[in-house]
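One structure is given below, represented as structure tokens, and several questions about it will come after.
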Amino acid sequence: MSATTLPDAGAERRPTEDPFPEQRSWWPVWRGILLRSALVPVIVLAPLVALQPSADHRFNTYSNGARYLAHPGDLFFEAVRSVPQYLALGNFRPLGRMVEWTLDALTFAITGLLGLPANVSLRLVSFASAVLLTLATVVLAECVVSRGRPFTGPPSPIAAVLPFAVGGSFVAAGRTSTTVLFGGLYFLTAALVLLVAAAAAGAVGRPRLGARLGVLAGVTGAVLAGFNEMAWLALPLATLVVLVRARLVLALSWRETVRGAGARFTGLLWAGFLPVAVPVRLIIARECLAGRCYSGSEVAPDGILGALPNRLTSWVPPLMWQRATEGPYGHTLGLALLPALVLLLLLVRRFWRDLPSCEIPDRRQVWALAATGLGVLVLAATMGALNAQMQLLAAAGWWGLGWRDSALAGAGGALLTVALLTGVSVLGRRKAGTYRGGALAGVLLLVLIAAVSSSANRDYRAAAASEKPAFVHDRVAQEIADFDRSAAGDARRCALREQYRNGLRRDRRTGYPAELRRFDQAVNAATFRLAHRPFCAKLPA
């Protein structure tokens, strides 16, 4: 008797099909782009991790950080309460100040949690903001050049190259550069500008805007009006990228462009922005006309043409290297060059592996990227050229000097540079292999620039450390982080306070000058929060 053959239970089964087979192949490429966006800025900025605090950072990190970390609810009420005071000085920025104070509190929290000196914590927060700015630049580029819904198809090589270009712009180009001063705030502001513009570009081609997105656009416009002046550039930039994507990339008619979801999104941005911004700007103009406003907020239209070429080129890395290496330790091609170059080349290996999965752009997409980069750069440079202080420095020949516009100008310059490199590859390619070779050559050039920027940052930090005031504040940060409760520790801190007094101008050393009072208030706020003791026991709490 033969055995009964049982049916194979799996004979009729079919392998389960992946509903998104192509998308799975894209995700590793996107992960590589995210990795480069995070690591390239950190590699370039790493030599500045112990840079001494300067200007308001010497005090705000302690006073604001200790206060708002203990009472975060005060952020909103103090921002509202101080609006009249700041309007009289020529600026509005209640939401921008809330973000700035939040960053101070975050910096102080890192110091309290990890025991790091405040100058190191400050740079870590700034580095994180630089990473967000790099990601925002990539997002804007992808939203502009994508022919379908952004991020639903393979990435363009533009997105893969951009982190190297943006990273090279993070140069400590002088004391007023955003890489040195208020980097956290202005990197985040620039990222906000780019992301709002990306949202507007992403809305182009949608069948309808939708109520939720429309309400969000109106609220975002009002938020931008209360953030800071640099954030205001999001409005004209959003208008530009909607036109660029609609006309150049998607080839829509003018009728489709002005009636489309992108134009409606931008119109609602303006509708939320203007009712807040116009009255505020009129009040500030009145205060500045009377000579009462802060010089950094003063607008001088008459000198804009003379300063504009200076600010249009302020992002160019070789010019910024000159500003970063002016101190006694400036060599540009210094010790930091080789390790930075090695680390960046390791990232190039991943870029080369991912490149075949990217979708090669056409000429119209390259032109769209170039127009976007130029728009970002011109808007940032124009704001810088409107400032009276920048006009004086431009007339004195300070090329490549960083200022508040540096973060956004650097992103715009990176977009323009990648558009140029991509355009050369696209125009000269006869086949995909030729294009990939050109893309690799462009990336290697950007890697070299980023490595030299890292070396220039090292020189700036070395020069800043040699200055006596910077040394005092470096030691103050260390003493607060490693608070010594002994008599010897108190003596050291009191000696540092005396060194700070001796560093003031001679006519401000007697009595109890305002600068010394501010120093005492800031460091006492920090030590009472961390150790429940004054910075120097000889002083009133």
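The values are calculated or read from the model by the stated rules, or taken from the named source; none is laboratory data. Only a predicted model underlies this, so the values are computations on that prediction, with no experimental measurement involved. With ideal geometry, Cβ positions are generated from the backbone for all residues, glycine too; neighbour counts draw on all protein chains shown. Ligands, DNA and RNA are stripped out before the accessible areas are found, and what is left, the full protein with its side chains, is counted by its heavy atoms. Shrake-Rupley method; radii C 1.70, N 1.55, O 1.52, S 1.80 Å.
How many of the residues in the stretch 470-501 are over 19 Å from S54 (Cβ atoms) and in contact (Cβ under 8 Å) with a residue 24 or more places away in the chain? Full working, then the answer.
First, pick out the residues of the stretch 470-501 that are over 19 Å from S54 (Cβ atoms): 482-495, 498.
Restricting the remaining residues to those that are in contact (Cβ under 8 Å) with a residue 24 or more places away in the chain gives 482-483, 485, 490, 493-494.
Residues in the stretch 470-501 being over 19 Å from S54 (Cβ atoms) and in contact (Cβ under 8 Å) with a residue 24 or more places away in the chain: 6 in total.
Filter the stretch 331-372 for residues that are among the polar types (S, T, N, Q) and open to solvent by less than 10 Å² (accessible area, probe 1.4 Å) and give the result. Walk me through how you get there before you give the answer.
If we filter the stretch 331-372 for residues that are among the polar types (S, T, N, Q), which is where we start, we get 332, 357, 365, 372.
If the condition is that a residue be among the polar types (S, T, N, Q) and open to solvent by less than 10 Å² (accessible area, probe 1.4 Å), then T372 is the only one that fits.
Here's something else I'd like to know. List every residue pair whose Cβ atoms sit under 6 Å apart, with the two residues 6 or more apart in sequence or on different chains, where the first one lies in the stretch 94-111 and is touching a residue at least 12 places away in the same chain (Cβ under 8 Å) and polar (S, T, N, Q) and the second, anywhere, is crowded, with 19+ Cβ neighbours inside 10 Å and in a helix (DSSP H, G or I).
Note: pairs meeting the criteria are T107/T61; T107/G65; T107/S121; T107/L122; T107/V125; T111/A118; T111/S121; T111/A481.
Still on this model: Need at least 2 residues that are over 30 Å from C143 (Cβ atoms) and of a type in the set (A, V, I, L, M, F, W, C) per element, so show me which helices (runs of 4 or more DSSP H) inside the stretch 298-392 make the cut, counting only ones lying wholly within it.
304-312, 317-324, 337-354
When the stretch 87-132 is examined, which residues are found to be farther than 26 Å from L194 by Cβ and aromatic (F, W, Y)?
Hit for the stretch 87-132 is F108, nothing else.
Note down all Cβ pairs under 8 Å where the first residue falls in the stretch 396-407 and is closer than 13 Å to A231 by Cα, the second is part of a loop (DSSP other than H, G, I, E, B), and they're at least six residues apart or on different chains.
Hits for this filter: R404/T176; R404/T178; R404/F182; D405/S314; A407/T178.
While we're looking at this one, here's another question. For the stretch 211-229, which residues satisfy the criterion of being free of Cβ contacts under 8 Å to residues at least 40 places away in the same chain and not hydrophobic (A, V, I, L, M, F, W, C)?
R212
Also: Scan A462, A395, A388, A411 and give me the residue that is modelled with pLDDT of 90 or more, among the small types (G, A, S) and in contact with a Gly (Cβ under 8 Å, 6 or more places away or on another chain).
Of A462, A395, A388, A411, the one residue that is modelled with pLDDT of 90 or more, among the small types (G, A, S) and in contact with a Gly (Cβ under 8 Å, 6 or more places away or on another chain) is A395.
Still on this model: Which one of these is in contact (Cβ under 8 Å) with a residue 12 or more places away in the chain, open to solvent by less than 10 Å² (accessible area, probe 1.4 Å) and among the hydrophobic types (A, V, I, L, M, F, W, C): L504, L516, L448? Reasoning before the result, please.
Numbers: L504 fails: open to solvent by less than 10 Å² (accessible area, probe 1.4 Å); L448 fails: open to solvent by less than 10 Å² (accessible area, probe 1.4 Å).
From the options L504, L516, L448, the qualifying one is L516.
Still on this structure, please answer the following. With the structure loaded, tell me whether A231 is of a type in the set (A, V, I, L, M, F, W, C), more than 30 Å from A199 (Cβ to Cβ) and modelled with pLDDT of 85 or more or whether it fails that test.
In short, no.
Sticking with this structure for a sec: Got a sec? Which of V131, V138, V166 is modelled with pLDDT of 95 or more and open to solvent by 20 Å² or more (accessible area, probe 1.4 Å)?
The match here is V131.
Could you tell me how many of the residues in the stretch 65-116 are of a type in the set (K, R), more than 25 Å from the chain's Cα centre (by Cα) and either surrounded by 15 or more Cβ atoms within 10 Å (Cβ to Cβ) or on the phi > 0 side of the Ramachandran plot (or both)?
The number of residues fulfilling the criteria is 1.
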